[in-house]
There are 2 protein chains.
Amino acid sequence: MRIGQLARSVGVDTQTIRFYEREGLLPPPERQDNGYRIYTERHVERLAFIRRCRILELSLAEIHELQRYQGAPHQPCRAINTLLDDHIAQVRSQITDLQVLEKQLVSLRASCNDDRDIGACRVLEGLSEESMQQ
Amino acid sequence: MRIGQLARSVGVDTQTIRFYEREGLLPPPERQDNGYRIYTERHVERLAFIRRCRILELSLAEIHELQRYQGAPHQPCRAINTLLDDHIAQVRSQITDLQVLEKQLVSLRASCNDDRDIGACRVLEGLSEESMQQ
DNA sequence: TTAAAACTATATAGCCACTATAAGGTCAAT
DNA sequence: ATTGACCTTATAGTGGCTATATAGTTTTAA
């Protein structure tokens, strides 16, 4: 199949496919005489794998690492689990950070109603005060 | 004061200060004969304002908008509150997304212990299966 | 049969908010 | 006189795409 069909069947842009190829995540396919890329079922699977990883917000580097593991199926899989554990830890710390942020924002927002002049807006005041902690 | 002192007093890199100037967030300061930038107390405040906004993850565009409001103190401040409400909504949706993500990752991780061969690793299997929903 | 459309190719720039590097000028102290 | 700390501009890199420009190829419709 050609790049457009691969793109449609996995749900990505053709540009993204070429980008993954350049990044070494997708092996360079055969070419037709006119230079068009020809993909096989294995490319579909490989691309789908990448997309599933991306949905889980694994970085391209992490995906690369997973692909290396796939190439060595008789090693223990502890490294894979560690990779995932690290990623989970990262996601959790992002959540915690955002929750702190949300609290700060909500508290700032609560300091002002909608009916003031900008000159008296407590939100703007709050942002201008030194008291705000990092 | 010169750029290094401003940077230290607000806790940013000198590069970042020049970057904000280029982006129009910080007004261009006077220059000494040798070309060095000379900052005043007002620049300190202005830069600190920017930093407080950035801590709250407001974008440079949003900060720009806030600065425009500061220049027109006799308008109603509803726009400011709306900006903040939108930002809060955005942060909340990020949190929700990450929580969904975390669940998926934890469930994937739970499918495998540390003592398999990579060829039998259920994590890798999970990532390779079509069953994973986007 | 030809003209339009839909597809493919490469190369390059843009997004965001910085951060890093290079290559050089200025100034104070030793 | 030289070291070191500071300052200047310009340019490139980060991540994961996405957009644009330019051009060649194939397919479809008139």
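The values are calculated or read from the model by the stated rules, or taken from the named source; none is laboratory data. Just so we're clear, the structure is a prediction, and the values are computed from it rather than from any experiment. Here the Cβ is made from the backbone with ideal geometry for all residues, glycine too, and neighbour counts use every protein chain on show. Please note that ligands, DNA and RNA were not included when accessible areas were found on the heavy atoms of the full protein model with its side chains. Shrake-Rupley method; radii C 1.70, N 1.55, O 1.52, S 1.80 Å.
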Rounded to the nearest Å, the spacing of the alpha-carbon centers of segment A:102-116 and segment A:55-91 is 41 Å
Here the cysteines of the protein assembly as shown lacking a cysteine partner under 4.7 Å (Cβ to Cβ) are A:Cys53, A:Cys112, B:Cys53, B:Cys112
For the protein assembly as shown, accessible area per residue (1.4 Å probe, heavy atoms of protein chains only), Å²
59 Å²
Quote the relative contact order of chain A in percent (integer), defining contacts as alpha-carbon pairs under 8 Å separated by 6+ residues.
14 percent
Sort segment A:11-101 into rounded, prolate or oblate with this rule: let a ≥ b ≥ c be the square roots of the eigenvalues of the Cα gyration tensor; rounded if a/c is under 1.5, and if a/c is not under 1.5, prolate when a/b is larger than b/c, oblate otherwise.
oblate
Over all pairs of different Cα atoms in the protein assembly as shown, the reciprocal of the mean inverse distance gives a Kirkwood radius in Å of 22.6 Å
Neighbour cut-off at most 14 other Cβ (10 Å), DSSP loop, chymotrypsin sites (Phe, Trp or Tyr not before Pro), segment A:36-134:
A:Tyr36
Just to be sure I understand: if I project the alpha-carbon convex hull of segment B:77-134 onto a plane and average over all orientations, what area do I get in nm²?
5.2 nm²
The answer for the longest stretch of chain A without any exposed GluC sites (Glu not before Pro) (DSSP loop, at most 13 further Cβ atoms within 10 Å) is A:24-128
With every protein chain in place, the protein assembly as shown: carbon and sulfur % of accessible area (1.4 Å):
45 percent
How much mean residue ellipticity at 222 nm does the protein assembly as shown get from its helices, if each DSSP H run of length 4 or more adds -39500 (n - 2.57) and you divide by all residues, to the nearest 500 deg cm²/dmol?
-20000 deg cm²/dmol
Taking the simple approach of a point 7 Å from Cα along Cα-to-Cβ for both B:Ala61 and A:Val100, what is their distance in nm?
2.7 nm
Report the accessible surface area buried between chains A and B, summing both sides, using a 1.4 Å probe on protein heavy atoms only, in Å² rounded to the nearest 100.
4900 Å²
Once the piece of chain linking B:His74 and B:Ser93 is laid out straight, how much longer is it, given 0.36 nm per residue of separation minus the C-alpha distance between them?
3.6 nm
Enumerate the calculated ³J(HN,Hα) couplings along segment A:90-99 in order (Karplus 6.51 cos²θ - 1.76 cosθ + 1.60, θ = phi - 60°), each rounded to whole Hz, writing x wherever the residue is Gly or Pro.
5, 4, 5, 6, 4, 4, 4, 4, 5, 5
Mind checking A:89-98 for the average number of partner chain beta-carbons within 10 Å of each residue's beta-carbon?
4
Read phi for every residue in segment B:55-72 and hand back ³J(HN,Hα) as whole Hz from Karplus 6.51 cos²θ - 1.76 cosθ + 1.60, θ = phi - 60°, with x for Gly and Pro.
4, 7, 6, 5, 6, 4, 5, 5, 5, 4, 4, 4, 5, 4, 4, 4, x, 10
